[in-house]
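**Student:** Submitted below is the structure of interest, expressed as structure tokens.
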Amino acid sequence: MKECIESWKKLEDKGFELLLFDDGNASQFIRAKLGPRYERAYAACYHPAMQSDYFRLCFILVEGGCYLDADDVYSGRPVDHYFSDGRLGVQPLCYDLATDHMIPPSVFTRPTAYAPSWIFYFNNNPLISVRRHPIIEKALARATEALERPAVGELPEIQSTTGPGNLTQTIVDHGTETGATEEMLLVLHDWESVASTKWPLGYRSDARNWRLSNRQAYPRMSAQTKSEWSG
């Protein structure tokens, strides 16, 4: 994980400031910048990945910039052009129900590419945005309201409550309401040339992987686990 994080330090020479957050300073940021309602919603996130989903919306709304997952590795390609026009930059994804595999953007972004078993959505990593972007504002409001609803029988589903499902639904709703999707959204179809996710990491095979803990009570983290999560 440390190697992944340090790969982005190349951008410091380009004038970028790199910030790393853990549970404690993420909560402090939310309390200071957005207030107790949002801090309570953050505390209701029952898994570290869910906390990360929620926090990135808070941070990007307030500060703008670029939010990245800590397990992404930077390739060294230029990124300045993604910040040029004020649109929200998001990565498109496609999942094939028939094969149980992701479809590469180089395949599903072709003009005629389509299969009935494909599911299209937007990732919430990265998020590239100016401050107070209306889509981020709506996505945060939607996630906050979902976290405030009383739990009935089971914990809320992570992806649709705070993750890519929440962001995708917000983008669709915003486009339907305003008709201004192209003016507000930059689709990062080439993001895989900038960053790649490093999959062989220890936490992917245990409860720290949200896919293995979705809608399940997450065990209290030990000091060692907290240290691993904070990088």
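**Student:** In square angstrom, what is the accessible area per residue of segment 1-121 with a 1.4 angstrom probe?
**Tutor:** That works out to 54 Å² for each residue.
**Student:** So if each residue of separation counts as 0.36 nm, and I subtract the Cα-Cα distance between Ser84 and Leu97, what length gain in nm does that give?
**Tutor:** 1.1 nm
**Student:** Here's another thing I want to ask about it. Choose one of Asn166, Pro105, Thr197: the residue whose Cα lies farthest towards the positive end of the charge dipole of segment 101-231 (beta-carbon charges +1 Lys, Arg; -1 Asp, Glu; about the Cα centre).
**Tutor:** So the residue we want is Thr197.
**Student:** Name the longest site-free stretch of the chain, where the excluded sites are GluC sites (Glu not before Pro) in a DSSP loop with no more than 10 other beta-carbon atoms within 10 Å.
**Tutor:** Segment 18-153 is the longest.
**Student:** Which one of Thr178, Ala43, Gly86 is farthest out on the positive end of the charge dipole of the chain, using unit charges on Cβ (Lys, Arg +1; Asp, Glu -1) and the Cα centre as origin?
**Tutor:** Going by the Cα projections, it comes out as Ala43.
**Student:** Go through segment 52-64 residue by residue and turn each phi into a ³J(HN,Hα) via Karplus (6.51, -1.76, 1.60, θ = phi - 60°); whole Hz please, and just put x for glycine and proline.
**Tutor:** Result, rounded to whole Hz: 5, 4, 6, 4, 4, 5, 4, 5, 5, 4, 7, 9, x.
**Student:** Each residue of segment 95-110 in order: what ³J(HN,Hα) in whole Hz does its phi give by Karplus 6.51 cos²θ - 1.76 cosθ + 1.60, θ = phi - 60°, with x for Gly and Pro?
**Tutor:** For segment 95-110, the Karplus curve yields 10, 9, 5, 5, 10, 6, 9, 6, 9, x, x, 4, 8, 7, 8, 5 Hz.
**Student:** Excluding Ile60 itself, what net charge comes from residues whose Cβ is under 12 Å from its Cβ, given Lys and Arg +1 and Asp and Glu -1?
**Tutor:** After counting each charged neighbour, the total is +1.
**Student:** What list of ³J(HN,Hα) couplings, whole Hz, do you get for segment 195-210 from phi and the Karplus terms 6.51, -1.76, 1.60, once you set θ to phi - 60° and write x for glycine and proline?
**Tutor:** Computed from phi, the couplings for segment 195-210 are 9, 10, 8, 8, 7, x, 10, x, 6, 6, 9, 10, 5, 5, 7, 4 Hz.
**Student:** About its Cα centre, what dipole magnitude does the chain give when the only charges are +1 on Lys and Arg Cβ and -1 on Asp and Glu Cβ, stated in debye to the nearest 20?
**Tutor:** For the chain, the charge dipole is close to 440 debye.
The values are calculated or read from the model by the stated rules, or taken from the named source; none is laboratory data. Small disclaimer: the values here were computed from a predicted structure and weren't measured. In this analysis, Cβ positions are derived from the backbone assuming ideal geometry, glycine residues included, and neighbour counts consider all displayed protein chains. Ligands, DNA and RNA are excluded from the accessible area calculation, which covers all protein heavy atoms including side chains. Shrake-Rupley method; radii C 1.70, N 1.55, O 1.52, S 1.80 Å.
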